[in-house]
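Asker: Take a look at this one; I'll ask things after.
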Amino acid sequence: MLSCIIVDDEPLAREGMANYVRETGFLQLAGACGDPLALMQLLDTQPVDLLFLDIQMPKMSGIDFLKITPNPPMVIITTAYPSFALEGFQLNVLDYLLKPITFDRFLKSAAKAKDYHQLRNKPAGASDHFFIKCGSKYEKIYFDDILYVEGMQNYVTIHTTKGKYITLLYLKTWSKTSIDRHLSGFISRLSPPLARLTASRGAIFILAGIACQ
């Protein structure tokens, strides 16, 4: 079960979302509140997996909450305003639901959160692939397809046999993820020429979680 909190300043909207949560069978409602300040208090006492977060609220907007929160739970935006979509995805929200929200659309978004949560929490070695966020969608990357990984400033480019994928991620952050632990086993299967690391034009190249400059 995924624990979740609904954040919306409209009581009817909160109740409608709560009914949707109860219908899914895999979401557990941990709380509901009317603004991000109340949300912060809830999170201090009860960490959760997922937030359904409105944008336009009194005291603080949902976007401002995301900007000041270093490591929020997974976030699905729920709003009547499409103009915030780009900014929302730049803040790594999982999905963006426009009101009025149908149950079918809600369920699809919640299922995405469940799948992403399971992938993110799989133990090292349990999978032959991982997902990264490229723009507004997630791409599936197989470890055996990876040629090398290039890090420049605040993004990482993963070069594979099927193409290259760019994601906003620092190399230091990469080294702390389960992806790095997967790759540490991946290097042992490479032939010696492919296992060598190279550097060019000041870029950092990493393979199997090892970096050089």
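The values are calculated or read from the model by the stated rules, or taken from the named source; none is laboratory data. Given the structure is predicted, the values throughout are model-derived calculations rather than measurements. Here Cβ is always computed from backbone atoms with ideal geometry, including for glycine, and neighbour counts include all displayed protein chains.
Asker: Out of (1) farther than 17 Å from D8 by Cα; (2) modelled with pLDDT under 95, what's the single condition that is false for L27?
Answerer: (2)
Asker: Follow-up question, since we're still on this one. Given the structure, is V75 farther than 18 Å from T24 by Cα, of a type in the set (V, I, T) and assigned by TED's automatic domain parsing to the domain that holds P47?
Answerer: no
Asker: Looking only at the range 54-75, decide whether some residue is without any contact (Cβ under 8 Å) to a residue 40 or more places away in the chain and in contact with a Lys or Arg (Cβ under 7 Å, 6 or more places away or on another chain).
Answerer: no
Asker: Moving on. For the range 22-141, which strands (runs of 3 or more DSSP E) that fit wholly inside it have 2 or more residues that are within 28 Å of G163 (Cβ to Cβ)?
Answerer: Result: 95-98, 129-134.
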